[in-house]
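Since the structure comes first, as structure tokens, the remarks are kept for the end.
Every number here is computed from the coordinates shown, using simple stated rules; none is lab data. Everything numeric in this text was worked out from a predicted model, so none of it was measured. Here Cβ is always computed from backbone atoms with ideal geometry, including for glycine, and neighbour counts include all displayed protein chains.
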Amino acid sequence: MKNWGLLLGLIFFCYSCENKAEDKSNQPPKANNAKNQKVNTFSLNEAQDRYATAYFAGGCFWCVEAIYEDVIGVEAAISGYAGGHTANPTYQQTNTGTTGHAEAVKIIYDPNFIDFSTLLDIYFKTLNWSQENGQGPDFGSQYRSIAFYNNPQEKKLIENYIKRLELTTNQPVAVEVKEFDKFWVAEDYHQDYEANNPNNPYIQNVSKKRYEMFKRQFPDLVKPTNE
């Protein structure tokens, strides 16, 4: 039985976001495709009155980014780091758990098509909100769940959502509620990772399952495939 336990543990680790099934520390960044160029443009220029921003951390940012990129009304989703105290964190630094940051996603959206409440609903319904310091096979403070707020209205929406969830389920919610401070954009190779690496074992076994959960629960919010 101990041998079986060890084998299952090794399989579990292989499908974790941190292990990646590739050594990313030695992987050169991929050239950005047109989609990535749009994402990077928005990360550098937010002076567009038409758009608003939201920030969520919920485990591996590949999973969260892939979901929000396909939400109607979302212009871009950008993987990065937030919630910590270290300036200019790298992926390797963040994975040590010493930077205070969590893998997070910045969502740039059009309030004329979708509101913060709906983005919040998507977040909680595609998340194991009861899991502390991790998500699925990913463990550590860098994978903790955080709902960031930009203003008192967003803070109230998040807190009220959590209260209703705890009342209806009688379970504690492990999601942190935190005022947004600073977002650090992740390395280029993390952007649009699921789209660019569809055969990665983690994408196949973890990320796509969360994406399918989103599609089942919010069929009217999924962008057309040609968009």
Residue match in the stretch 165-177 (condition: under 15 Å from the mean Cα position of the chain (by Cα) and either in a helix (DSSP H, G or I) or buried (at least 17 other Cβ atoms within 10 Å of the Cβ) (or both))
yes
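Looking only at the stretch 160-204, which residues are of a type in the set (S, T, N, Q) and touching a helix residue (DSSP H, G or I) at 6+ places or on another chain (Cβ under 9 Å)? Even if it seems obvious, please write down each step before you answer.
Let us first name the residues in the stretch 160-204 that are of a type in the set (S, T, N, Q), namely 160, 168-171, 191, 196-197, 199-200, 204.
If the condition is that a residue be of a type in the set (S, T, N, Q) and touching a helix residue (DSSP H, G or I) at 6+ places or on another chain (Cβ under 9 Å), then Gln171, Gln191, Asn196, Asn197, Asn200 are the ones that fit.
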